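What follows is one structure encoded as structure tokens, with my remarks underneath.
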């Protein structure tokens with residue numbers, strides 16, 4: 001719910017920020033920086049989707065592990081009577097290893113997504129000012145800080161993190 005208003009404010013932000021960036025650094029440099037922000041969105045969406053798949057898989061392994069442990073505790077007298085401790089321990093350890101593997105993969109995916117989220121403004125600024133400088137313009141502090149803040153606003157309005 002905190003990000004609900006981004007649905008209708010994001011298009012307005014994109015238009016306003018793009019126009020302001022273009023006015024600040026020119027058409028080509030402005031579009032270069034804005035394009036980097038837009039180019040990162042599909043990759044972040046893919047990472048987010050893949051993270052969701054891995055989280056569901058982890059939840060399935062967790063449910064299986066908890067269910068198996070519950071069955072062992074429910075039938076503990078049979079387990080002890082027939083010396084089934086070792087097979088059940090091995091089965092639970094195998095399920096836990098699968099669960100741990102999906103947790104590691106999902107957290108790696110989450111880390112990549114956050115790294116891309118935080119690296120996008122820097123890459124956007126680098127691209128913008130590389131093009132700006134290559135076109136023969138002089139970098140000034142007011143231009144740099146103003147454009148950097150606008151690109152951060154654009155990143156925030158397109159991909160809000162709570």
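Each reported figure results from applying straightforward, stated rules to the coordinates on display, with no laboratory input. Everything numeric in this text was worked out from a predicted model, so none of it was measured. A quick note on method: Cβ atoms are made from the backbone with ideal geometry, for glycine too, and the neighbour counts reach across all protein chains shown.
Principal-axis analysis of the Cα atoms of the chain puts helix 141-158 at an angle of about 40° to the longest axis.
Quick one: order 86, 91 by neighbouring beta-carbon count within 10 Å, fewest to most.
Starting with the residue having the fewest Cβ neighbours, the order is 86, 91.
Cβ crowding within 10 Å, taken as a proxy for footprinting-reagent exposure, orders 94, 148, 109 from fewest neighbours to most as 94, 148, 109.
Please compute one quarter of the surface area of the Cα convex hull for segment 12-105 and express it in square nanometres. With every direction weighted equally, the projected area is 8.5 nm². Taking all Cα pairs closer than 8 Å and separated by 6 or more residues, the relative contact order of segment 6-158 comes to 47 percent. Converting the Cα gyration tensor eigenvalues of the chain into ellipsoid dimensions via √(5λ) gives semi-axes, longest first, of 53, 16, 9 Å. A simple spin-label model places pseudo-atoms 7 Å from Cα toward Cβ; at residue 74 and residue 46 they are separated by 4.3 nm.
222 nm [θ] for the chain, helices only, -39500 (n - 2.57) per DSSP H run of 4+, per residue, to 500? Numbers along the way, then the final one.
Values: 5 runs with 142 residues, N = 162.
Rounded to the nearest 500, it is -31500 deg cm²/dmol.
Most tightly packed first, judged by the mean number of other beta-carbon atoms within 10 Å of their residues, the peptides 98-104, 153-159, 65-71 read 153-159, 98-104, 65-71. Using Cα atoms only, what is the angle between the long axis of helix 6-25 and the major principal axis of the chain, expressed in degrees (0 to 90) to the nearest 10? Tilt relative to the chain: about 40 degrees.
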